[in-house]
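J.: After the structure tokens below, expect a handful of questions from me.
The values are calculated or read from the model by the stated rules, or taken from the named source; none is laboratory data. Worth saying up front: this structure is predicted, and the values here are computed from it rather than measured. Glycine gets a Cβ as well: all are built from the backbone with ideal geometry, and neighbour counts include every protein chain shown.
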Amino acid sequence: MSGTIKDRRRVKRARNGRRSAHLAQTREYNYVLQISEDERRILANYHALLAQGTAHFAQVYYNYLFDNPATADVLYAHERAGGHIGDLVRSHLAHLVDLLRAPSDEAWAERLDHIGEHHQEHGVRPVWMLGGYRLFLNHLQEIIAAESDIPLTDRDRLNAVLVKLVLRDFGMVSEAYWQYGADKLQQQRDGLREYRDRAEDLLDSIPQQLWSVDVSDNRMLYHSPGLARCLGDDLRAPIPCLSLILPEDQEKVLTAWQKALQGEVVEVEVRQQREGEDPHWHRFQFAPVANRRGRVLRIHALMEDIDAAHVARQRLQQRSTTDDITGLANRALWYDRLGTALANCRRHPGTRLAVMVLDINQFKMYNDTLGYPVGDDLLKQLAGRLQGLVRDTDTLARLDGDDFGIILPTVQGAGQAVERVANEVLACFEHPFTLQDRELCLSGALGIALYPEHGEDAYNLLSHADSALQRAKRSGAPWLFYEATVDINPGEQMQFSGQLHHALERGEFELHYQPQIDIGSGRICGAEALLRWQHPQEGLVLPRRFIPLAEQLGMGTPITQWVLVTALQQCKRWGAAGIHMPVAINVSARAFQGTGLVDKVRSALEEAQVDGACLEIEITEETLMADLAQGAEVLRALHELGVAVAIDDFGTGYSSLAYLRHLPIHTLKIDRTFLSGMVNSDQDLAIVRSIIDLGHHLGCKVVAEGVEDAAAWDLLQTLGCDAGQGYHISRPLPHQGFTHWLSDGAWSL
């Protein structure tokens, strides 16, 4: 039998059942109220008379409905929902008129049943309905009392039957009203019971265990079925499984519960252990429920077994932070530790930190010829030796390939301490490594960067340490510190390497000139020539960004030669215009310490057709002291050419004054860092005064770099400084701009 036929039969049976019920209900009311056939006949005789006043009653009934705000709201809501109030009132009046026929079949009972449901559905209360019946009955009784055609003997009987009919109608509608409400309530209960059963099934199937506690009396309000199976009868509030938690973890849970009592949602991970089993990790969550005033009323608790996830997370975390071959920290963990160490340095000003990068020189050869297993074994043995050197506070990591990184936090006496560690690290290579009954000899190179001198973030420190490492490998040095003037950023190396080769031939280099003024007379006494690269994309690029790379690419010599010739030719043009002053040129450490500088200077003087008095060579005291014997020879040779020599950035290095006394040095240039603070710093002022006095005792002219304002100029004049240069006088200018500046006559020639 098809489902459609079954549904039709079910509907038909339900309809027949309701009809039988309605008919039985009508008969019961007729019996209780004793509505006789004689009364029906009397009502039928006067039906037309009673119905004739319906129009008047309609106005009374209408006013009744809208005078009561509650019934008026129901009618307006009906209208807003798309209904028509007039149709609704007319249907009610039609029902009352039909009531005068004293209907008694099941159709009338079905109508009353429908009216009761309709009232329940739309919020029409029985008491309002009773008021309407009262008005209708009064209306009919007024007609009966006023109508002379109705005999007195019929009036009482007519009034009696009308009262019975009104009572029957009101009773049946009310009964339907309450029955429909009860049915709706039962449906809601059935629905809630169904939802509750589904929720119970759902909660019973999830792996988490739930419970809820009334905090006012520490009473368990609810617990999931799984919690009862897990703990049996031991469901004591507020934490029923507290006895299973390891003693060392119980305090964590109790602290979390106290935070929840204060209104905070808390999660905590602890270990539970049942008798005869291993401890298992569980996660607890306590979520408070508070009233509007913030007072916590209940706490919903959740417990979940996370042992498998915890173990997997630990394994994953270990793999993500540990090198698979050596067991050391990997690059990610090393960066994290470096970030933490840098944060600590920033919180404690004055704290220093060292970053080392170690590379194995012969590793690739052994790895390629003897195979990866041998290479891996070499890395393991070296890692073991290095671990014996570092402190617990240091971090040793394998960064990648054969590169290792070392972080030395909170270094005291940074220079000497780092040198000692560097020598100890390289001492690990003094003894051969034994693999497969053979001995392999290795050597290493180290690059070192210090915080804050060489960088203030993790990326720059590692990049600068790696730059120092590459320079150490090229020079054959065992280890080197980063030098900003020598080491260059790898990104810029890639960017500029191809462009530098063509910059000279394309005429992209230019010289800017910054004047030097005699402080006593206010006359121009010289100019410093500063190299600039007019880059086609980046604009003006300063030499510190490209000179180290140019020297690595072998272009240092032609660029130095171009600078010498160009500056001296400009000096000659100034002389022809009546402006006689020497030009100063910076020479890099590599150019000064290499061979051929004196020959380049001699060649440039000859090409420009000027004598040596037109030129002053500037070198840093650090460059001079790197190889004092060789430097002294260069200085004497330059002196023979008539070329003056200036020590740049004086005061920042470690010059030996005993040697300086016997070297042909003409000028000491005070580093700009001392000038920037001397106006407000007694210490910097004392240093500047000492350098001026020292220079004069050595027979040198003293020039102050970085004179930025009139206050510094006046102070230098008071201290007896010979000359100055800086933005207070003029910024570096290209040769045409410098010529215009000279013609303006701001300073005398």
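J.: For Gly371, which of the numbered conditions (1) more than 17 Å from Ala449 (Cα to Cα); (2) at pLDDT 85 or above; (3) small (Gly, Ala, Ser) fails to hold?
T.: So Gly371 meets the others, but not (2).
J.: Oh, and also: Pick from the stretch 515-547 the residues that are farther than 28 Å from Ala710 by Cα and of a type in the set (A, V, I, L, M): which of them is surrounded by the most Cβ atoms within 10 Å (Cβ to Cβ)?
T.: Here the residue is Ile547.
J.: To continue, here is another question. Within the stretch 81-112, how many residues are at positive phi and either more than 60 Å from the chain's Cα centre (by Cα) or in contact (Cβ under 8 Å) with a residue 60 or more places away in the chain (or both)? If you could, list the steps in order and put the result at the bottom.
T.: So in the stretch 81-112, the residues at positive phi come out as 82, 102.
Retained after the next criterion (residues that are either more than 60 Å from the chain's Cα centre (by Cα) or in contact (Cβ under 8 Å) with a residue 60 or more places away in the chain (or both)): 102.
So the count comes out to 1.
J.: So in the stretch 589-627, with the set limited to residues that are touching a residue at least 60 places away in the same chain (Cβ under 8 Å) and under 23 Å from Pro548 (Cβ atoms), which one is farthest from the chain's Cα centre (by Cα)? Break it down into steps so the answer makes sense when it comes.
T.: Start the filter on the stretch 589-627 by keeping residues that are touching a residue at least 60 places away in the same chain (Cβ under 8 Å), which leaves 589-590, 616, 618.
Those left that are additionally under 23 Å from Pro548 (Cβ atoms): 589-590, 618.
On the way: Ala589: 45, Arg590: 45, Glu618: 49 Å.
Only one residue fits best here, namely Glu618.
J.: Looking only at residues that are free of Cβ contacts under 8 Å to residues at least 60 places away in the same chain, touching a helix residue (DSSP H, G or I) at 6+ places or on another chain (Cβ under 7 Å) and of a type outside the set (Asp, Glu) in the stretch 705-745, which one is surrounded by the most Cβ atoms within 10 Å (Cβ to Cβ)?
T.: Taking the candidates together, the pick is Val707.
J.: Collect the residues in the stretch 548-567 that are of a type in the set (A, V, I, L, M, F, W, C) and either closer than 23 Å to Cys614 by Cα or surrounded by 22 or more Cβ atoms within 10 Å (Cβ to Cβ) (or both), keeping them in residue-number order. Outline the logic, then answer.
T.: Taking the stretch 548-567 as the starting set, the residues that turn out to be of a type in the set (A, V, I, L, M, F, W, C) are 549-550, 553, 555, 559, 562-565, 567.
Within the stretch 548-567, Ala550, Ile559, Trp562, Val563, Leu564, Val565, Ala567 meet the criteria.
J.: Out of all the residues in the stretch 730-745, which are part of a helix (DSSP H, G or I) and closer than 12 Å to Pro515 by Cβ? Reasoning before the result, please.
T.: Just the residues of the stretch 730-745 that are part of a helix (DSSP H, G or I), to begin with: 735-744.
Once the filter is applied, which keeps residues that are part of a helix (DSSP H, G or I) and closer than 12 Å to Pro515 by Cβ, the stretch 730-745 yields Gly737, Phe738, Thr739, Trp741, Leu742, Asp744.
J.: Identify, please: which residue in the stretch 1-32 is hydrophobic (A, V, I, L, M, F, W, C) and either farther than 23 Å from Glu110 by Cβ or crowded, with 16+ Cβ neighbours inside 10 Å (or both) and is, among those, modelled with the lowest pLDDT? Please lay out each step first, then the result.
T.: Going residue by residue through the stretch 1-32, those that are hydrophobic (A, V, I, L, M, F, W, C) are 1, 5, 11, 14, 21, 23-24, 32.
Filter again for either farther than 23 Å from Glu110 by Cβ or crowded, with 16+ Cβ neighbours inside 10 Å (or both), leaving 1, 5, 23.
Values: Met1: 46, Ile5: 63, Leu23: 71.
The qualifying residue modelled with the lowest pLDDT is Met1.
Conditions tested, residue by residue: (1) within 60 Å of the chain's Cα centre (by Cα); (2) at negative phi; (3) among the polar types (S, T, N, Q); (4) surrounded by fewer than 17 Cβ atoms within 10 Å (Cβ to Cβ).
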position: Asn138; (1), (2), (3), (4): no, yes, yes, yes
position: Ser148; (1), (2), (3), (4): no, yes, yes, yes
position: Asp154; (1), (2), (3), (4): no, yes, no, yes
position: Val173; (1), (2), (3), (4): no, yes, no, no
position: Tyr180; (1), (2), (3), (4): yes, yes, no, no
position: Arg193; (1), (2), (3), (4): yes, yes, no, yes
position: Arg196; (1), (2), (3), (4): yes, yes, no, yes
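J.: Under the condition of being of a type outside the set (A, V, I, L, M, F, W, C) and outside any helix (DSSP H, G or I), which residue from the stretch 115-171 is farthest from Leu50 (Cα to Cα)? Give the derivation first.
T.: Step one: list which residues in the stretch 115-171 are of a type outside the set (A, V, I, L, M, F, W, C), which gives 116-123, 125-126, 131-134, 138-139, 141-142, 147-149, 151, 153-157, 159, 164, 168-169, 171.
Now drop any that are not outside any helix (DSSP H, G or I), which leaves 123, 125, 147-149, 151.
Working: Gly123: 31, Arg125: 27, Glu147: 10, Ser148: 13, Asp149: 12, Pro151: 14 Å.
Looking at the filtered set, the residue picked out is Gly123.
J.: Surrounded by 14 or more Cβ atoms within 10 Å (Cβ to Cβ), farther than 30 Å from Pro126 by Cα and modelled with pLDDT of 85 or more: is that true of Asp217 in this structure?
T.: Values: surrounded by 14 or more Cβ atoms within 10 Å (Cβ to Cβ): no; farther than 30 Å from Pro126 by Cα: yes; modelled with pLDDT of 85 or more: yes.
For Asp217, the condition - surrounded by 14 or more Cβ atoms within 10 Å (Cβ to Cβ), farther than 30 Å from Pro126 by Cα and modelled with pLDDT of 85 or more - is not met.
J.: Name the strands (runs of 3 or more DSSP E) wholly inside the stretch 434-485 in which the number of residues that are charged (D, E, K, R) is 1 or more. Steps first, please.
T.: Values: elements: 438-440, 444-451, 479-481.
The strands (runs of 3 or more DSSP E) meeting that bar are 438-440.
J.: Within the stretch 695-726, how many residues turn out to be of a type outside the set (Ser, Thr, Tyr), assigned to a helix (DSSP H, G or I) and more than 15 Å from Asp648 (Cα to Cα)? Full working, then the answer.
T.: Filtering the stretch 695-726 down to residues of a type outside the set (Ser, Thr, Tyr) leaves 695-717, 719-726.
Pick out the ones that are also assigned to a helix (DSSP H, G or I) and you get 695-697, 710-717, 719.
Checking the rest, the ones that are also more than 15 Å from Asp648 (Cα to Cα) come to 696-697, 710-717, 719.
Residues in the stretch 695-726 being of a type outside the set (Ser, Thr, Tyr), assigned to a helix (DSSP H, G or I) and more than 15 Å from Asp648 (Cα to Cα): 11 in total.
J.: Being in a helix (DSSP H, G or I) and more than 33 Å from the chain's Cα centre (by Cα) is the filter; apply it to the stretch 341-368 and report the residue that is nearest to Leu382 (Cα to Cα).
T.: Initially, the stretch 341-368 is screened for residues in a helix (DSSP H, G or I), giving 341-347, 363-368.
Now restrict to residues that are more than 33 Å from the chain's Cα centre (by Cα): 363-368.
Numbers: Phe363: 11, Lys364: 15, Met365: 16, Tyr366: 14, Asn367: 14, Asp368: 18 Å.
Applying the filter and picking the extreme gives Phe363.
J.: Using beta carbons and a limit of 6 Å, which pairs, at least six apart or on different chains, have the first residue in the stretch 535-548 and of a type in the set (Phe, Trp, Tyr) and the second one in a helix (DSSP H, G or I) and surrounded by 12 or more Cβ atoms within 10 Å (Cβ to Cβ)?
T.: Between residues of the stretch 535-548 that are of a type in the set (Phe, Trp, Tyr) and residues that are in a helix (DSSP H, G or I) and surrounded by 12 or more Cβ atoms within 10 Å (Cβ to Cβ), the close pairs are Phe546/Phe496.
J.: Pick out the one residue from His502, His512 that is in contact (Cβ under 8 Å) with a residue 24 or more places away in the chain and surrounded by fewer than 19 Cβ atoms within 10 Å (Cβ to Cβ). Step through it out loud before you land on a result.
T.: Details: His502 fails: in contact (Cβ under 8 Å) with a residue 24 or more places away in the chain.
Checking each option against the conditions leaves just His512.
J.: Name the one entry in Asp392, Asp437, Asp402 that is in the same structural domain as Thr326 (by TED's automatic domain parsing) and surrounded by 14 or more Cβ atoms within 10 Å (Cβ to Cβ).
T.: Details: Asp392 fails: surrounded by 14 or more Cβ atoms within 10 Å (Cβ to Cβ); Asp437 fails: surrounded by 14 or more Cβ atoms within 10 Å (Cβ to Cβ).
After applying the criteria, what remains is Asp402.
J.: Do you know which residues across the stretch 319-340 are touching a residue at least 40 places away in the same chain (Cβ under 8 Å) and either surrounded by fewer than 18 Cβ atoms within 10 Å (Cβ to Cβ) or assigned to a helix (DSSP H, G or I) (or both)?
T.: Pass one, the stretch 319-340, residues touching a residue at least 40 places away in the same chain (Cβ under 8 Å): 323, 325-331, 333-335, 337-339.
Correct list: Ile325, Gly327, Arg331, Leu333, Trp334, Tyr335, Arg337, Leu338, Gly339.
J.: Tell me which of these Glu424 doesn't satisfy, since it passes every other one: (1) buried (at least 16 other Cβ atoms within 10 Å of the Cβ); (2) in a helix (DSSP H, G or I); (3) modelled with pLDDT of 90 or more.
T.: Condition (1) is where Glu424 drops out.
J.: Can you say whether Ile306 is in contact (Cβ under 8 Å) with a residue 60 or more places away in the chain and farther than 25 Å from Leu461 by Cα, as far as the supplied structure shows?
T.: No.
J.: Are any of the residues in the stretch 334-341 charged (D, E, K, R), touching an Asp or Glu at 6+ places or on another chain (Cβ under 9 Å), under 30 Å from Gln387 (Cα atoms) and assigned by TED's automatic domain parsing to the domain that holds Ile448?
T.: Residues of the stretch 334-341 charged (D, E, K, R): 336-337.
Applying the additional criterion that residues be touching an Asp or Glu at 6+ places or on another chain (Cβ under 9 Å) yields none.
For the stretch 334-341, residues charged (D, E, K, R), touching an Asp or Glu at 6+ places or on another chain (Cβ under 9 Å), under 30 Å from Gln387 (Cα atoms) and assigned by TED's automatic domain parsing to the domain that holds Ile448: absent.
J.: In the stretch 106-114, is there at least one residue being surrounded by 17 or more Cβ atoms within 10 Å (Cβ to Cβ) and either in contact with a Gly (Cβ under 6 Å, 6 or more places away or on another chain) or not in a helix (DSSP H, G or I) (or both)?
T.: At the first step, the residues of the stretch 106-114 found to be surrounded by 17 or more Cβ atoms within 10 Å (Cβ to Cβ) are 106, 108-113.
Subset that is either in contact with a Gly (Cβ under 6 Å, 6 or more places away or on another chain) or not in a helix (DSSP H, G or I) (or both): none.
Within the stretch 106-114, not a single residue is surrounded by 17 or more Cβ atoms within 10 Å (Cβ to Cβ) and either in contact with a Gly (Cβ under 6 Å, 6 or more places away or on another chain) or not in a helix (DSSP H, G or I) (or both).
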